[in-house]
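Remarks on the structure that follows.
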Amino acid sequence: MIIAPKIRGFICTTAHPEGCAAHVAEQIAVVKSRGPITNGPQRVLVIGSSTGYGLSSRIAAAFGSNAATIGVFFERPGEADRTATAGWYNTRAFEKEAAAAGLYARSFNGDAFSDEVKTEVVAAIKADLGQVDLVVYSLASPRRTDPKSGEVYKSVLKPVGASYTNKNLNTGTGVVNEITIEPAEGDDIRQTIAVMGGEDWELWTDALLEAGVMAAGVQTVAYSYIGPEVTWPIYKNGTIGKAKEDLERVQRALDVKLAPLGGKAWVSVNKALVTQASSAIPVVPLYISLLYKVMKAEGTHEDCIEQMDRLLRERLYNGDPQPDAAGRIRVDDWEMTPQVQALVGQRWSEVNTENFPQLGDFEGYQSSFLRLFGFGLTGVDYSAETDPAVGIPSLELA
Ligand code: NAD
């Protein structure tokens, strides 16, 4: 099959196996170029390990710290005439690179919110690793089935209290127009918290603690975002922000639960980046395009891998996590510097369809988006036939 991108709104319905492998290889090279992470994690569980921040966390732990990794994700395998999702190919590539480097890597494709997947993963940790010393929680999902009641919660991206009107980018055409988003209604907030809040992170931690597979000194980290005031109605103060507040509530509860082990739970606030999850949020892609332009010009632009490498190397494992007043790790620090925010803010007020090519990094946005699905990578022959139905080594053994 010859595989080309097929974009539908804010998703791409195809992915390229060799392209995803090249994307993973590039990320590995970034980590390796920075040398080993001193005293880094050795046995790592990443929940949401196949794309975005979770994939980069897994790569940074494995190739920066020689860690054995277990990854959990929800991806669709390929068929003879239909490509897999990108996370499937990313994981295949990751496992192959890990094996070549002599690193243990095992993966689980299933619903991380379910009791079954938790039980399977706990058993694998017991059998293969004994314990884990780092647990990364990096799920982004539009829905969650409650493991006890069976209720299906749906997460929504809406403002709270009042409607919100602001500039918005059509990421396909580059047109900057205005969007109005109606406020949350009914139990939108409760449902979004149930999907993207901390309940499932706590259930994972409880299951791991109960099984005795958390090592002394274990750390666990979940990811959040704050961003600039212009996006607060849709993000920080919106339904998703309520879920992130819940994540912080759970972080404090987990600190108490992990204290007997000398362990620690963290919320890490990461930079706004193009991922499958963030491209679905209104307004944010325009902000990201303006941000990329400013940070690239300043020489401080990072992608997921640089962020996650810095999180491990310069926060979680250097003895100096530099928490903010609320106890959160901030690797969004470079995004949030006053000079970056002043320039992005000024351009935000000026930007329109005509000047967007000058003020924003549309090319960067679009190429980052395509790269998520393995398109536009150097050294990949996109005109060549490729087999979309390739497997993930550890899943084939299972
Ligand atoms: P992503 O879409 O790239 O990754 C989501 C991961 O979750 C994938 O591995 C996917 O397979 C997995 N997943 C989804 N549903 C699952 C399920 N039911 N069972 C098992 N696995 C499942 O998203 P991302 O942007 O990397 O987001 C990860 C975290 O980082 C989120 O908490 C997000 O809010 C946070 N974050 C993202 C940004 C950003 O700009 N992208 C910034 C700061 C924080």
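The values are calculated or read from the model by the stated rules, or taken from the named source; none is laboratory data. Note that this is a predicted model, so its numbers are computed, not measured. Because the Cβ atoms are built from the backbone with ideal geometry, glycine has one as well, and the counts that use them run over all protein chains shown. Accessible surface is based on the protein model in full, side chains and every heavy atom, while ligands, DNA and RNA are left aside. Shrake-Rupley method; radii C 1.70, N 1.55, O 1.52, S 1.80 Å.
So which helices of the chain fit the span-like rule, where a helix is a whole DSSP H run, its Cα atoms reach 27 Å or more along the axis, and its mean Kyte-Doolittle is at least -0.5?
What comes out of the filter, once short or polar helices are dropped, is none.
Using 0.36 nm per residue, how much length does the chain from Ala99 to Asp324 gain when fully extended, once their Cα-Cα distance is taken away?
Stretched fully, the Ala99-Asp324 segment lengthens by 77.2 nm.
Solvent-accessible area of Cys12, probe 1.4 Å, all protein chains present, reported in Å² to the nearest ten, please.
Solvent-accessible area, nearest 10 Å²: 10 Å².
Would you mind working out the magnitude of the charge dipole of the chain relative to its Cα centre, with +1 at each Lys and Arg C-beta and -1 at each Asp and Glu C-beta, to the nearest 20 Debye?
380
I'd like to know which of Trp334, Phe356, Gln346 lies farthest towards the positive end of the charge dipole of the stretch 323-367, counting +1 on Cβ of Lys and Arg and -1 on Cβ of Asp and Glu.
Trp334
Might you work out the accessible area of Leu370 for me, using a 1.4 Å probe with all protein chains in place, and round it to the nearest 10 Å²?
Rounded to the nearest 10, that gives 50 Å².
Only Cα pairs under 8 Å and at least 6 apart count here; give the relative contact order of the stretch 7-397 as a rounded whole percent.
23
If you count, for each residue, the other Cβ atoms within 10 Å and average over each peptide, how do 231-242, 321-332 line up from highest to lowest?
Put in order of decreasing packing, that is 231-242, 321-332.
Put +1 on the Cβ of each Lys and Arg and -1 on the Cβ of each Asp and Glu in the stretch 248-352; which of Ser279, Gln307, Ala265 then has its Cα farthest toward the positive end of the dipole?
Most positive-ward Cα: Ala265.
Using 1/(1 + (r/R0)^6) with R0 = 45 angstrom and r between the beta carbons of Ala259 and Thr378, what's the FRET efficiency to the nearest 0.05? Walk me through the numbers before you get to the answer.
Values: r = 48 Å, r/R0 = 1.06.
Given R0 = 45 Å and the Cβ-Cβ separation, E is 0.40.
Figure the gain on full extension for Ala29 and Glu185 (residue separation times 0.36 nm, minus the Cα-Cα span) and round it to one decimal in nm.
51.5 nm
Which residues make up the longest stretch of the chain clear of GluC sites (Glu not before Pro) that lie in a DSSP loop with no more than 16 other Cβ atoms within 10 Å, not counting the sites?
186-353
Suppose every Lys and Arg Cβ carries +1 and every Asp and Glu Cβ carries -1, with no other charges. What dipole size does the stretch 1-72 come out with about its Cα centre, to the nearest 20 debye?
I would put it at about 100 debye.
Please work out how much accessible surface Leu311 shows to a 1.4 Å probe, ignoring ligands, DNA and RNA, in Å² rounded to 10.
Here the residue's solvent-accessible area equals roughly 0 Å².
Evaluate the charge dipole of the stretch 269-398 about its Cα centre and quote only its size in Debye, nearest 20, assuming +1 on the Cβ of each Lys and Arg and -1 on the Cβ of each Asp and Glu.
Using Cβ point charges on Lys, Arg, Asp and Glu, the stretch 269-398 gives about 380 debye.
Nearest-5 percent of antiparallel DSSP beta bridges in the chain?
Of the beta bridges lying entirely in the chain, close to 30 percent run antiparallel.
For the stretch 7-397, just say rounded, prolate or oblate: build the C-alpha gyration tensor, square-root its eigenvalues into a ≥ b ≥ c, call rounded for a/c under 1.5, and beyond that prolate if a/b exceeds b/c, oblate if not.
Working: a/c = 1.43, a/b = 1.20, b/c = 1.19.
In terms of gyration-tensor shape, rounded.
Once you place label points 7 Å from the Cα toward the Cβ at Thr145 and Ser114, how far apart are they in nm?
In this crude label model, Thr145 to Ser114 measures out at 0.6 nm.
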